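Since the structure comes first, as structure tokens, the remarks are kept for the end.
The values are calculated or read from the model by the stated rules, or taken from the named source; none is laboratory data. Bear in mind that the values here come from a model prediction, so they are computed numbers and not experimental data. Don't worry about glycine lacking a Cβ; one is built from the backbone with ideal geometry, like all the others, and counts go over all protein chains shown. Ligands, DNA and RNA are excluded from the accessible area calculation, which covers all protein heavy atoms including side chains. Shrake-Rupley method; radii C 1.70, N 1.55, O 1.52, S 1.80 Å.
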Amino acid sequence: MLSKGIRNQYFATICANLATLIYGLSIGWLSPNLELLLSPATPLSSGTITPSEAGWIGSIGTVGCVLAVLICGWVAEIAGRKAALMLIGVTQLASWVVVIFASNLNMIYTFRILGGFAGGGTLSVIPLFVSEISEDKIRGSLGAVLSITCNIGILLGFILCYYLEYYTVSYIALACCILYSVGCMFLPESPQYLFTKEKKDRAIRSLRFYRGEADNESSKFISEVARFKEMHSNAPKDSTRKVQLHIKDLLNKPTLKGILICVIVMMFHPMSGSVTLITFTDSIFRESGSDLPPATCAMIVAAIQLVGSYVSSVTVDNAGRKVLLITSALGCAICSATMGTYTFLNVSGVDLTYFKWIPVTTLSGLVFITAIGIGIVPFIIMPEILEPRVRGFVITWCLLEFHAVAFLVVKFFPTVVEKIGLYPVMWFFSCCCVASALFVIFYVPETKGKSFEEITESLDSEKKTVPKRTSLDV
């Protein structure tokens, strides 16, 4: 039976990740409803949208993501992680209200920007919050809940949007937003954040909740309190934000190495091709020549991605972060290369009658393998390898990079496919995945079950087995 402390950590993690489920619902909403908005049956009184406008609907959400990374990151540092979580809930509630009253394209753009803002907030605040409340031995499993809930939301989005009326989905999402906001109201603030702000009494009360400790504190609890005090003892008495912006704190070896690792691993997911697959599921399967209906393919892909995220949650603290990243990157490379080859043979006129199963199989494999590794592990290791004083600042800028790359990939994917075809794009994604695997093999340390002090020591140590090469940089 799980201890009270672990149950409390799971409860807080699930409450916070209801926001991720709602974000996943908005992602799943996109693919089926783009087809609806492009059709004569569009619910918009302004009429049918154009393919170019559909491209903007697909990509404009990243504008909100970028704004959220800046604003939510700032709120999380100044007002606290809990305040940032509540801001996400308010934004999500507003976004689904807009959908209900949407009568023209601009209101759909507003929905996507607000939804993107909430999504960007979840990716910047929730991994930070979960990392700070969790014990070392279950930190990876709790971090992987973000991927599970997001993929549950995506699958629900596909199913609900294909089988329910347009406005019904919005009312379901509104109910989820209210449930999330109520749940977050009762969560204690992150104890690490409170220690940073020198609110010792509140920090100890918060840590007591997340460790399930009564008034009679165990030696393990006392030791953890002492470790947090020591970790934050060098923070100034004013604002930790000033420390994060101090150049000297960014240039010591373990911190600089951790930053460089974070910058690179955050490009793995958008450059794997899985982001475009989820955004343009229907059109990709149609382009590939699959015989299955696009709606069926979309739900299969979403269900397999959910299974992958569950596998990641149960293996990340056993197999380790590094193993999952390498396996995931190489698996994505194989799937993308296979899909590219199939599409190339299809447009070349080769008879593929007996191989129509390949598109749904390879693309399902792509999202499954992405979900077990490069789709979630970068968000887990970022808070693990960054020093607390620079953690919020660096995560903010890494997420800005992530959303910028995702925006460019999603925005120009339809145009590039129209110009040169799908197969060169899939081959390009495959090459990026191979480069990602090589980078992890040579430069990313294992963080499984390690304290921050142990991770810092591994970043600071010189490993003679690491070849000093620049050709592996991505």
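Below, the figures for the structure above:
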| quantity | calculated |
| --- | --- |
| Some residue of segment 437-449 being surrounded by 24 or more Cβ atoms within 10 Å (Cβ to Cβ) and basic (Lys, Arg) | no |
| Exclusive hit being open to solvent by less than 40 Å² (accessible area, probe 1.4 Å) and at pLDDT 85 or above, set GLY64, GLY55, GLY73 | GLY64 |
| Hey, GLU35 among the charged types (D, E, K, R), open to solvent by less than 20 Å² (accessible area, probe 1.4 Å) and either more than 22 Å from LEU123 (Cα to Cα) or part of a helix (DSSP H, G or I) (or both) or not | no |
| Yes/no for VAL66 being closer than 21 Å to GLU53 by Cβ, touching a His at 6+ places or on another chain (Cβ under 9 Å) and in a helix (DSSP H, G or I) | yes |
| Residues being closer than 19 Å to LEU37 by Cα and open to solvent by 60 Å² or more (accessible area, probe 1.4 Å) - total across segment 145-170 | 6 |
| Residue match in segment 347-356 (condition: of a type in the set (A, V, I, L, M, F, W, C) and crowded, with 22+ Cβ neighbours inside 10 Å) | no |
| From GLY375, GLY331, GLY340, residue being open to solvent by less than 20 Å² (accessible area, probe 1.4 Å) and either within 15 Å of VAL275 (Cα to Cα) or modelled with pLDDT under 85 (or both) | GLY375 |
| Residue list for segment 320-375, filter: touching a residue at least 12 places away in the same chain (Cβ under 8 Å), in a helix (DSSP H, G or I), aliphatic (A, V, I, L, M) and farther than 18 Å from HIS269 by Cα | VAL347, ILE358, VAL360 |
| Selection within segment 195-240 - open to solvent by less than 50 Å² (accessible area, probe 1.4 Å), of a type in the set (D, E, K, R) and at pLDDT below 80 | GLU213, GLU224 |
| Conditions (1) modelled with pLDDT of 85 or more; (2) open to solvent by 10 Å² or more (accessible area, probe 1.4 Å); number of the one not met by THR361 | (1) |
| Any chance SER131 is crowded, with 22+ Cβ neighbours inside 10 Å and hydroxyl-bearing (Ser, Thr, Tyr) | yes |
| Filter result (aromatic (Phe, Trp, Tyr), touching a Lys or Arg at 6+ places or on another chain (Cβ under 9 Å) and more than 30 Å from PHE195 (Cβ to Cβ)) within segment 389-442 | PHE442 |
| Residues located in segment 88-103, provided they are touching a helix residue (DSSP H, G or I) at 6+ places or on another chain (Cβ under 6 Å) and in contact (Cβ under 8 Å) with a residue 24 or more places away in the chain | ILE88, GLY89, THR91, GLN92, LEU93, SER95, TRP96, VAL99, ILE100, ALA102 |
| Answer from LEU408, LEU400 - the residue that is part of a helix (DSSP H, G or I), open to solvent by 30 Å² or more (accessible area, probe 1.4 Å), of a type outside the set (Asp, Glu) and out of contact with any strand residue (DSSP E or B) (no Cβ under 7 Å at 6 or more places or on another chain) | LEU408 |
| Top-ranked residue in segment 378-402 [being acidic (Asp, Glu) and farther than 23 Å from THR315 by Cβ; ranked as modelled with the lowest pLDDT] | GLU387 |
